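The structure appears below as structure tokens.
The values are calculated or read from the model by the stated rules, or taken from the named source; none is laboratory data. Keep in mind that this is a model prediction, so the values were computed, not measured. Heavy atoms of the whole protein, side chains included, go into the accessibility calculation; ligands, DNA and RNA do not. Shrake-Rupley method; radii C 1.70, N 1.55, O 1.52, S 1.80 Å.
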Amino acid sequence: MKKQRSWSRSSPSLPIYPARVPRFSSNTRSPFFLLIPACADVRQRASPGLRFLPSFRRRCRLSSPLPERGNPEEAETAGQMDFGAEQHGCEHYTRRCRIRAPCCGEVFGCRHCHNQAKNSLEVDLLDRHEIPRHEISKVICSLCNKEQDVQQNCSGCGACMGKYFCEKCNFFDDDISKKQYHCDGCGICRTGGIDNFFHCEKCGCCYSNVLKDSHHCVERAMHHNCPVCFEYLFDSTMDISVLHCGHTIHLECLNEMRVHHHFSCPVCSRSACDMTDAWQKLDQEVAATPMPEFYQKKMVWILCNDCGATSSVRFHVLAQKCPGCSSYNTRETRGGPATAACSRV
């Protein structure tokens, strides 16, 4: 029987440019690349209300190497450590310890395991809560099950509970390939290597060195929810993008917006990428679509979402072009500069 083909509409391939941004240390993948489209067609707009749930990534397992030479007891101990690294941990981390939550007193593999269990729909709304990570004071060794104060090596069996250990965050992780580091400005651990990122005091978060002299500062840019899925961005485990306007959004949410032909910031409506090619295509379409004589002298007031200027232009059914910055990312207003208000954030 002949196999039927299934066809699906997808957005055209767009050129992109990379800019590295640090990821919160709870993610188990290496530092990601920020993907922002360089040009796009904006003739169709996306409907608001997109919703996405965060997804956790696959774990990266890292075993302890056996000593090349030495006594049999040392080799046996190292073999036990290697076995422990493969067998112990949770879906979020590979390590040899569990934590006791200071809020409810229960034992979990990590803080994400706690938050997933205590924020699920099965839990009563009044009982839902998240663990205060800096208040964790007790851990349980996964090899000897001894409960003890937070420390890197077990006081009972001497096992290393995490090759990366931060005593400020009470954080353990065996996958040191992520190049974790603690940022005092953020107050948490991040990944990617401390030499590759800088902390912006105004934005209140770490950015790649590529953006050091080129990003637009927005006060506490990461200390808010994603404008699409409403997950808190500062400690999100998902990839995060920095738009040209300085606002931040999940990379997954940005890609979904692009699929639905929506290329403006959900917060301030400024273009999220370089739209020069799209504006040139609209110039050609406007020139090829003359208005009827009745509308040729009709004037309207517009507000440009890119430059914030208010102008009086000729009405056109396709789009209104800003005479200042030549952008078609505009909206029609009911009056001139005295009554039009800019919604820039």
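On the protein heavy atoms, probe 1.4 angstrom, tell me the percent of accessible surface of segment 179-287 carried by carbon and sulfur.
Accessible surface attributable to carbon and sulfur in segment 179-287 totals 47 percent.
Taking a 29 Å limit on the Cα-Cα distance, which of the listed pairs Lys163/Lys202; Lys179/Lys212; Lys212/Lys281; Lys118/Lys168; Lys168/Lys212; Lys118/Lys146 fall beyond it?
Exceeds cut-off: Lys163/Lys202; Lys212/Lys281.
Cα to Cα, under 18 Å, and not fewer than 8 places away if on the same chain: which aspartates and glutamates meet these conditions relative to Lys298?
Cross-link targets: Glu332.
Multiply the residue gap between His224 and Asn209 by 0.36 nm, knock off their C-alpha separation, and tell me the result in nm, one decimal place.
3.1 nm is the gain from fully extending His224 to Asn209.
Reported to two decimal places, what Rg/Rh ratio describes segment 167-303 when computed on Cα atoms with Rh from the Kirkwood expression?
Radius of gyration relative to Kirkwood radius: 1.14.
Enter the accessible area per residue of segment 187-337 (Å², integer; probe 1.4 Å; all protein chains in place).
Computed with neighbouring chains in place, this is 48 Å² per residue.
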